[in-house]
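See structure below.
The values are calculated or read from the model by the stated rules, or taken from the named source; none is laboratory data. In this text the structure is predicted, and so the values were computed from the model without any measurement. All Cβ positions, even for glycine, are placed from backbone atoms using ideal geometry, and neighbour counts span all protein chains on display. Calculation scope for accessible area: heavy atoms of the full protein, side chains included, ligands and nucleic acids excluded. Shrake-Rupley method; radii C 1.70, N 1.55, O 1.52, S 1.80 Å.
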Amino acid sequence: MPPASVPLSFLALAGAGMWAFGLGAWFGADRIIESPTHPGAVGAVHVGMLAFLTTAVLGAVHQFAPVVGRRALRSVLAARITLVTMAITAWALPSGFAHGPERLIQLGAISGSITVLLAAWNLSGALASKDGGVPVAGLRLSIIYLVITVAFGAVYAFDRQAGWFPLLPNRVLAHAHIGLLGWLGLTYVAVAEKLWPMFLLAHRPHEWEGKWAVRLLASGVPFIAVGLLFEIKALAWIGGIAAIAGLGCHIASLASAIKHRRRALELLHGFLFVSTAFLIAGIVLAVAAGLADVDYTTRSRLVSGEVAALAAWLGLAIVGHAHKIVPFISYTSLRAKGVRTGPSGKPLMFGDLFNLSLAKATLALSAGGFTLSLVGILAASTVLLSIGGAAIAVGAMVVTYNLAGGPRRATQAARTASTSPQPTPSNIPAHLIPKGVPQP
Amino acid sequence: MINPPETDLVSEQIREKVLGALSNVWDPELGLDIVALGLVYDVRVESGLVEIDMTLTTPGCPVSEQLPNEAQEAVIAALADSAETAGAQVQLNIVWDPPWTPELLSPLALEQLGFNKGP
């Protein structure tokens, strides 16, 4: 596994990205409602896609791929450089879109290209593993889609100055769907096949749902992209049906994991249920945008709503899983530093590394924020979108504070325990008692 | 899954100590000890060698590196407590066959995970 600082740095940066995304939706609400192609709207969307979602997913994949592929990253230094170039991309590009100058967009495009090439090379060793099953197979494809997404973005970024071709809405949507479904969506669908059975203690009698989710989603994306790019409706529909079938299998996989679970429902499942509801909303809105006989403005709102719903699907899933992944990474790091007991004096548990009430508040704020944002976009309500954005921003601050503060609280508790004159409970094994504490 | 006790008294004492120590190794995600979770398949004591077969809930388990180390540390520490057992060698094997399934959870573990709450 890479040093804890690698994935945790990505995830901390993603926390800041989620906060900025909420602020972008809040303060850019009028421009987002006015037109989804307004520079302010494009800036806010790219903060969400890059600074929040891509930064978080890239960090998680740097942790996940070596564990599941059972092969190390090619270079920890390259992972740290990837973080720096990702930060430059995620913040320069949206700033350039929203405020200019144009050179910021080009800087973002160049640093984005470096980021994905570095990440793809660095992860290639772990992803070459032959025994990683569905998760690794899906990740191989999703990393390819990441490279394609950024290649599209880089061409579009330079096209703004060069004027090789007009950046029509259908071309922008092709880029958005490769990123949302091919890169972010496929990564989550693949990784969930490992995480859900593990976190729910579920041993399912079959795994066809997960396999077909990856196959169908991965094969549908090129058709959607080409269909949108060249305005070939039949191709876009073929791809869309395949992707919807794949996402349906993904939902069936979640249902199967819940049915065969061996532990009670908990906070993570709250995030998963709300996240899945947004996925279903995204699918419904995509179908409505494709089929409904409506004017350009209404169709534009439906498509914006679809993109917002898919972002909410992934965003809530990331925030929910972060409450599992961050404590795990922190736990390993704390144990290595000799912190072996939690604040209660009992052996350190993942649950000691975050505050459950704050985690519930995060769920309420982020779920409420995304819901209001989606309704605001569909109803063309600046007020609702603004409130939704503010709730997302506050939710981001709460989750970042909660997860970043857990290890500090545990370290402080261990220090207090090591200097406390009180006797240690006799049920703690000797090797778990911090040095300096009198043993019973 | 755990073998019947060894015939001689010392081996039985060692075995009890080992299981006692392993009962104090906790899965940090589930908050249950690894014996209640059914992760300990076998404890064998032969000629001063303590051999433990244990598994994990899944090969990519978040604590796949941490938990076996903690288990080994706990057993070594427990055996070092008394002169009769201090010299025993400990070998911990991670085995994947048979794979762990939730059916191996003890009734107490099931109850603590929110199942089988009883009447």
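So the values come out like this:
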| item | result |
| --- | --- |
| Members of the range A:326-347 found to be part of a helix (DSSP H, G or I) and either at the interface with another protein chain (Cβ under 8 Å from one of its Cβ atoms) or not hydrophobic (A, V, I, L, M, F, W, C) (or both), listed by number | A:327, A:328, A:330, A:331, A:332, A:333, A:335 |
| Unmet requirement for residue B:91, which otherwise passes all of (1) under 24 Å from residue A:338 (Cα atoms); (2) more than 10 Å from chain A (Cβ to nearest Cβ); (3) open to solvent by less than 10 Å² (accessible area, probe 1.4 Å) | (3) |
| The range A:235-263: number of residues that are within 14 Å of chain B (Cβ to nearest Cβ) and touching a Leu at 6+ places or on another chain (Cβ under 6 Å) | 4 |
| Filter result for residue A:64 (modelled with pLDDT under 95 and crowded, with 24+ Cβ neighbours inside 10 Å) | yes |
| Failed item, numbered, when residue B:39 is tested on (1) closer than 25 Å to residue A:204 by Cα; (2) crowded, with 21+ Cβ neighbours inside 10 Å; (3) at the interface with another protein chain (Cβ under 9 Å from one of its Cβ atoms) | (3) |
| Residue that is nearest to residue A:245 (Cα to Cα), among those in the range A:201-219 that are of a type in the set (A, V, I, L, M, F, W, C) and within 10 Å of chain B (Cβ to nearest Cβ) | A:202 |
| Members of the range A:265-323 found to be open to solvent by 30 Å² or more (accessible area, probe 1.4 Å), of a type in the set (D, E, K, R) and either part of a helix (DSSP H, G or I) or closer than 30 Å to residue A:400 by Cα (or both), listed by number | A:266, A:299, A:301 |
| Residue selected from the range A:348-366 under the condition more than 10 Å from every other protein chain (Cβ to nearest Cβ) and crowded, with 20+ Cβ neighbours inside 10 Å, by the criterion nearest to the chain's Cα centre (by Cα) | A:366 |
| Only one of A:77, A:127, A:50 that is of a type in the set (A, V, I, L, M, F, W, C), touching a helix residue (DSSP H, G or I) at 6+ places or on another chain (Cβ under 6 Å) and farther than 22 Å from residue A:158 by Cβ | A:127 |
| Boolean, residue B:65 is modelled with pLDDT under 90, away from chain A (no Cβ under 11 Å) and open to solvent by 40 Å² or more (accessible area, probe 1.4 Å) | no |
| Cβ-Cβ under 7 Å pairs, at least 6 apart or on other chains, the range A:160-184 side farther than 14 Å from residue A:45 by Cβ, far side open to solvent by less than 50 Å² (accessible area, probe 1.4 Å) and of a type in the set (Gly, Ala, Ser) | A:174/A:225; A:178/A:225; A:181/A:243; A:182/A:142; A:183/A:142 |
